[in-house]
Amino acid sequence: MRILITGGAGFIGSHLSEKLLKAGNEIIVIDNLVTGSLENIAHLDNHPNFTFINHNVSEYISIDGDLDWVMHFASPASPVDFEKLAIPILKVGSLGTHNALGLAREKNAKFFLASTSEVYGDPEVHPQPETYFGNVNPIGPRGVYDESKRFAEAITMAYHHKHKIDTRIVRIFNTFGPRMRADDGRVVCSFVSQALLNKPITVFGDGSQTRSFQYVDDLVDGICKMMEVEFNQPINIGNPVEFTINQLAQMVIKLLDSKSTIEYLPLPQDDPKRRRPDITRATTLLNWAPKYSLEDGLKQSLDYFRQIALSST
Ligand code: UDP
């Protein structure tokens, strides 16, 4: 298949590009490198079936030849980006999704949207099934990301209904692994880097808030399974084992035999208190379940995190 992946030089996009390229597909990556990096795709670059285009998908996209899939994975996604990149985030979720859908329509291609557990906001239903509408503050600091993805889902479903495009929506829960940016700021990346350098581990709030962490290979496996079934409603892909942020900090300290202490800092506004995916849909429809525990995934990622932690000193 000939597959276009927006954001294919990012953390998740680059793993997806690699897996689909290895499976024998032709991959075209479009990325403006605002949070992605050429290093993430350097090992793919001289492959005959791989093309990189430096372009902002919030602007009109033009591609020669046929496409089988347009997969829209472009977007800054870390809470540390929400203030600095507020407008690019809103644009790539709205204008970028519109452009990517328009391209899929022109090419008669299938369309795949990377959405997020953030559409559930600070959830009042736990764990979160896809049928839950969410609890999002549209004007809070996270609103720029949450609402752009909610809009992206809405326009994807509208194109599906009006233009009969075969669409997929994956709601991605907290994911970690190699190729996260050194300054990504998300909790696994931050804690592991801090622990490796024996620096204080920065727990926001009292650390009782929860998340459920999946290793990136599990996510990419779920995405590829979604490409094989014709199901247009959203599907949660995430690891349903839930940890408090305090538990994560303790696990990282123990695993790395680190001398780090814990430093408690203020909780950011609208930080979700609990998050855990209900993955009934994924297990039933895709026969998918995560293979890596948090600890296994951390072990897989350690070499990478060590490399970025050391280069930051
Ligand atoms: N967090 C933390 N210390 C950090 C970074 C994050 O305690 O250095 C907390 C954050 O407040 C949130 C959780 O870890 O409750 C997950 O944050 P992250 O930025 O990884 O992603 P989120 O799930 O909030 O989008």
Gly140 within 10 Å of the ligand (Cβ to nearest atom) and not polar (S, T, N, Q):
no
May I ask you to list the residues in the stretch 146-171 that are surrounded by fewer than 21 Cβ atoms within 10 Å (Cβ to Cβ), under 24 Å from Ala86 (Cβ atoms) and among the aliphatic types (A, V, I, L, M)?
Ala154, Ile155
Output for the stretch 175-230, where each listed residue is in contact with a strand residue (DSSP E or B) (Cβ under 9 Å, 6 or more places away or on another chain) and among the aliphatic types (A, V, I, L, M):
Val187, Val188, Val192, Ala195, Ile201, Val203, Val216, Leu219, Ile223, Met226, Met227, Val229
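In the stretch 280-302, which residues are in contact (Cβ under 8 Å) with a residue 60 or more places away in the chain, away from the ligand (no atom under 16 Å from the Cβ) and not in a loop (DSSP other than H, G, I, E, B)?
Residues satisfying the conditions are Thr280, Arg281, Ala282, Leu286, Asp296, Gln300, Leu302.
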Can you run down the residue pairs with Cβ atoms below 9 Å, 6 or more apart or on separate chains, where the first is in the stretch 257-279 and under 30 Å from Pro138 (Cα atoms) and aromatic (Phe, Trp, Tyr) and the partner is near the ligand (Cβ under 8 Å from one of its atoms) and modelled with pLDDT of 95 or more?
Tyr264/Thr202; Tyr264/Val203; Tyr264/Phe204; Tyr264/Gly205; Tyr264/Gly207
Would you please name the residue that is surrounded by the most Cβ atoms within 10 Å (Cβ to Cβ), looking only at residues in the stretch 245-303 that are within 20 Å of Gln209 (Cα to Cα) and acidic (Asp, Glu)?
Asp278
When the stretch 74-92 is examined, which residues are found to be more than 15 Å from the ligand (Cβ to nearest atom) and touching a Ser or Thr at 6+ places or on another chain (Cβ under 6 Å)?
Ala74, Leu90, Lys91, Val92
Check whether at least one residue in the stretch 198-212 is more than 12 Å from the ligand (Cβ to nearest atom) and out of contact with any Lys or Arg (no Cβ under 7 Å at 6 or more places or on another chain), and report yes or no.
no
Listing of helices (runs of 4 or more DSSP H) fully contained in the stretch 184-277 that carry 3 or more residues being within 15 Å of the chain's Cα centre (by Cα)
187-196, 216-228
Checking Glu263 against (1) within 15 Å of the ligand (Cβ to nearest atom); (2) of a type in the set (Asp, Glu); (3) within 28 Å of Thr131 (Cβ to Cβ): exactly one of these is not met. Which one?
(3)
Somewhere in the stretch 181-192, is a residue within 16 Å of the ligand (Cβ to nearest atom), of a type in the set (A, V, I, L, M, F, W, C) and over 22 Å from Ala74 (Cα atoms)?
yes
Inspect all residues belonging to the stretch 85-92 and state whether any of them is in contact (Cβ under 8 Å) with a residue 12 or more places away in the chain, touching a strand residue (DSSP E or B) at 6+ places or on another chain (Cβ under 9 Å) and assigned to a helix (DSSP H, G or I).
yes
Filtered residue count, the stretch 117-159, keeping only those that are part of a loop (DSSP other than H, G, I, E, B), closer than 18 Å to Ala282 by Cα and in contact with a helix residue (DSSP H, G or I) (Cβ under 8 Å, 6 or more places away or on another chain):
3
Among (1) of a type outside the set (Gly, Ala, Ser); (2) under 25 Å from Lys84 (Cβ atoms); (3) in contact (Cβ under 8 Å) with a residue 60 or more places away in the chain; (4) in contact with a strand residue (DSSP E or B) (Cβ under 8 Å, 6 or more places away or on another chain), where does Val136 come up short?
(3)
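The values are calculated or read from the model by the stated rules, or taken from the named source; none is laboratory data. Remember, predicted model here, so these are calculated numbers, not experimental data. Ideal geometry is used to build each Cβ from the backbone, glycine not excepted, and the neighbour counts take in all protein chains shown.
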